Amino acid sequence: MGPFRRIYGAGPLHLLSALASIAVAGYAAVEIRGLGGAGSVALWFVGSIVVHDLVLLPVYSLVQRVAGRLARVDAMRARPGAPPPPAVLLIDHLRVPAMVAGLLFLLFFPSILQRNGGYEDASGLQSDVYLERWLAITAALFVLSGVLYAIRRGRSAAAYASR
Amino acid sequence: MMGPFDRDFWRSPLRGPWLASLLSAALLPLILLTAATGFFSHVAYETELTGNALGGGDGILAPVYRALDWPAGWAYLYAVNQGVHIVAGFAAAPLLLAKLWVVIPKLWERPAVRSVAHALERLSLALLVGGTLFVFVTGVFNIQIYYPWSFSFVPAHYYATFIFLGALAFHIALKLGVMRTAFRENGVLRPLRRDLAGTRAEAVPASESVPTDPRPASISRRGFVAVVGSTSLGLTIMMAGQSIGGPLRNLALLAPRGRDYGSGPNDFQINKTAASAGIDSVQAGPTWTLRVSGREEATLTRDELLTMEQATHELPIACVEGWTTKQTWTGVPLVALARLVGSMDADELTVESLQESGSFRDASLGPAQFTDPRSLLALKVNGADLSMDHGFPARVIVPALPGVHNTKWVATMTFRSA
């Protein structure tokens, strides 16, 4: 290992590309500093990392962890002599539509909760339709997931019976 | 070590370089498409013309924008550009969140810093994640007209893109080898063949995202990929609906412009109502006149405009926010007005609205725009007079132009030569 690599921890090309990438960010920061509300930009830049990494992701990981535990309970419920645990789990068919509905809420909550005050001036329309639309989509996702569950469960039982 | 700093804390067997690579392979083209169309949109605004500069300026790319002229040839160019920008951005959102979920253990890795090189990598990663989330969040909120911050959207969205692209280039250079190895050892798609019972952690102990003490999987990799992929597809359909229009608009249920206005000639998407622009029926009433200046000057009433040569063209209004509406416009070709004031050879045309203040109360067009025979000072739409909300007494409509540059409630038109 050469002295550069020993001190720096990687080759010189690594250092050059790291500095280039950070320099681009530095340039953008200088431009942003010249705008009004640079502090607000910094807040939203850092805030988006903090909210995602320390709030959003832990919350849905916790939901998934609980769901995963329930899934294993479901899978281990097999009694002696009963058919082996189903390959199709009810919990999947609940958590998947819940996650998708959650993502839609995350993307469209300003419309759903009518937080977008400028919308009516911009479009000339009332902004009160999005909550019911989101609820209808959420309901449809759960119904669709339920139908898929019934079909998959039926198929897996049929496959087991014909073995 | 406790909690997330402990590698045993991270238990999903799905996490690992192969899944991260697959998500990245899908995410990268979408992100690059979104970034490229964003820069093309900046070109379309022709920021070097009078009054068109966007807050924050063009930055170091100014010479590029000066050198590039936006064409008027294909009327749907801007509609497609912005449709792709918004659709690809929304399609990328579930992939981005899934990717961050896969690699989150790296945030908590120990030791936090192993070397100077490692510290720079982590700094660049923070710029990548922060820049990407910032650009996504501001874009998603902007199309919903939601501004919970005190900066101006356009320059912040624009310069944050530099931060994320710079960090992305470094990230790709660092991780291309990881991706290549993951695909060589597992195949690009082979892990998708395994069902739940066959889902095991990847055997790459050196990778921080691979769990050291995995629990049994509660969903297979193909189940995970199917859920993320179909969510991405669903968002694609939803956001494409407000861009493509027609019956597909009914599928754009949560999209801001997935709404129906009715069946009358003026019942289509509005970007700014007359009331919100402060336009009243006195200014825009029978006493309204249009002042056209160039080498000569002319003042025209609406009746006089109606006696001039008229043309009818089907043209879209295409918004930067990714929605489009196509209508049939009738009015005086802009070239006829240029001829009237002897300015056929002008370098730009500045159009001002009756609107007294606010952004986009005026916009300038280059020669490619105002000499196109389809470019109109429209007086009618779908055979009826324009409504107040659509720009009565007269509005500009030009092929492939960003929607807001089609000035409504036109008061003056000035042809200039350099």
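The values are calculated or read from the model by the stated rules, or taken from the named source; none is laboratory data. What you see is a predicted model, and the numbers here were worked out from it, not measured in a lab. Using ideal geometry, Cβ is built from the backbone for each residue, glycine included, and neighbour counts are taken over all protein chains shown. Note: areas computed on protein heavy atoms with side chains; ligands, DNA, RNA excluded. Shrake-Rupley method; radii C 1.70, N 1.55, O 1.52, S 1.80 Å.
Residue B:205 is checked against (1) free of Cβ contacts under 8 Å to residues at least 40 places away in the same chain; (2) open to solvent by 40 Å² or more (accessible area, probe 1.4 Å); (3) within 13 Å of chain A (Cβ to nearest Cβ); (4) in a loop (DSSP other than H, G, I, E, B) and fails just one. What number does that condition carry?
Status for residue B:205: all satisfied but (3).
Open to solvent by 30 Å² or more (accessible area, probe 1.4 Å), among the aromatic types (Phe, Trp, Tyr) and under 12 Å from the mean Cα position of the chain (by Cα), is that true of residue B:90?
No: the conditions fail for residue B:90.
Filter region B:13-52 down to the residues that are part of a loop (DSSP other than H, G, I, E, B) and open to solvent by 30 Å² or more (accessible area, probe 1.4 Å), then identify the one that is farthest from residue B:217 (Cα to Cα). Write out each step before concluding.
To start, the set of residues in region B:13-52 that are part of a loop (DSSP other than H, G, I, E, B) comprises B:13-16, B:45-52.
Of the ones still in play, those that are also open to solvent by 30 Å² or more (accessible area, probe 1.4 Å) are B:48, B:50-51.
Details: B:48: 56, B:50: 60, B:51: 58 Å.
Restricting to residues being part of a loop (DSSP other than H, G, I, E, B) and open to solvent by 30 Å² or more (accessible area, probe 1.4 Å), the top hit is B:50.
Tell me which residues, restricted to region A:95-123, are more than 9 Å from chain B (Cβ to nearest Cβ) and small (Gly, Ala, Ser).
Scanning region A:95-123 gives A:98, A:101, A:102.
Within region B:183-202, can you find the residues that are in contact (Cβ under 8 Å) with a residue 24 or more places away in the chain, basic (Lys, Arg) and assigned to a helix (DSSP H, G or I)?
Across region B:183-202, the qualifying residue is only B:193.
Find all pairs meeting these conditions: Cβ atoms under 6 angstrom apart; at least six residues apart or on different chains; first residue within region A:92-104 and in contact (Cβ under 8 Å) with a residue 24 or more places away in the chain and over 20 Å from residue A:153 (Cβ atoms); second residue part of a helix (DSSP H, G or I) and among the aliphatic types (A, V, I, L, M).
The qualifying pairs are A:100/A:141; A:101/A:141.
In region A:28-36, is there at least one residue being modelled with pLDDT under 95, facing another protein chain (nearest Cβ under 7 Å) and outside any helix (DSSP H, G or I)?
Yes, region A:28-36 contains at least one residue that is modelled with pLDDT under 95, facing another protein chain (nearest Cβ under 7 Å) and outside any helix (DSSP H, G or I).
Take the conditions in contact (Cβ under 8 Å) with a residue 24 or more places away in the chain, within 17 Å of residue B:270 (Cα to Cα), open to solvent by 10 Å² or more (accessible area, probe 1.4 Å) and not β-branched (Val, Ile, Thr) and apply them to residue B:388. Does it pass?
Here the answer is yes, as residue B:388 does meet what is asked.
At the interface with chain B (Cβ under 8 Å from one of its Cβ atoms), within 16 Å of residue B:136 (Cα to Cα) and open to solvent by less than 70 Å² (accessible area, probe 1.4 Å): is that true of residue A:48 in this structure? Spell out the reasoning first.
Working: at the interface with chain B (Cβ under 8 Å from one of its Cβ atoms): yes; within 16 Å of residue B:136 (Cα to Cα): yes; open to solvent by less than 70 Å² (accessible area, probe 1.4 Å): yes.
In short, yes.
Do you know which of the residues in region B:105-128 that are open to solvent by less than 30 Å² (accessible area, probe 1.4 Å) and more than 7 Å from every other protein chain (Cβ to nearest Cβ) is farthest from residue A:49 (Cα to Cα)?
B:109
Could you please tell me which pairs satisfy a Cβ distance under 6 Å, a separation of 6+ or placement on different chains, a first residue in region B:9-23 that is of a type in the set (A, V, I, L, M), and a second residue that is in a helix (DSSP H, G or I)?
These pairs meet every condition: B:14/B:221; B:14/B:224; B:19/B:102; B:20/B:102; B:20/B:103; B:23/B:95; B:23/B:98; B:23/B:99.
Can residue A:54 be described as free of Cβ contacts under 8 Å to residues at least 24 places away in the same chain and at the interface with chain B (Cβ under 7 Å from one of its Cβ atoms)?
So residue A:54 fails the test.
With the requirement that a residue be touching a Lys or Arg at 6+ places or on another chain (Cβ under 6 Å) and either outside any helix (DSSP H, G or I) or without any contact (Cβ under 8 Å) to a residue 40 or more places away in the chain (or both), what does region B:221-250 give you?
Within region B:221-250, B:241 is the sole residue that qualifies.
Looking at region B:129-151, which of its residues are open to solvent by less than 30 Å² (accessible area, probe 1.4 Å), more than 7 Å from every other protein chain (Cβ to nearest Cβ) and part of a helix (DSSP H, G or I)?
Matches in region B:129-151: B:131, B:132, B:135, B:138, B:139, B:142.
For region B:110-122, check the following and say yes or no: at least one residue is touching a residue at least 24 places away in the same chain (Cβ under 8 Å), more than 30 Å from residue B:322 (Cα to Cα), part of a helix (DSSP H, G or I) and in contact with a Phe, Trp or Tyr (Cβ under 6 Å, 6 or more places away or on another chain).
No, every residue in region B:110-122 fails to be touching a residue at least 24 places away in the same chain (Cβ under 8 Å), more than 30 Å from residue B:322 (Cα to Cα), part of a helix (DSSP H, G or I) and in contact with a Phe, Trp or Tyr (Cβ under 6 Å, 6 or more places away or on another chain).
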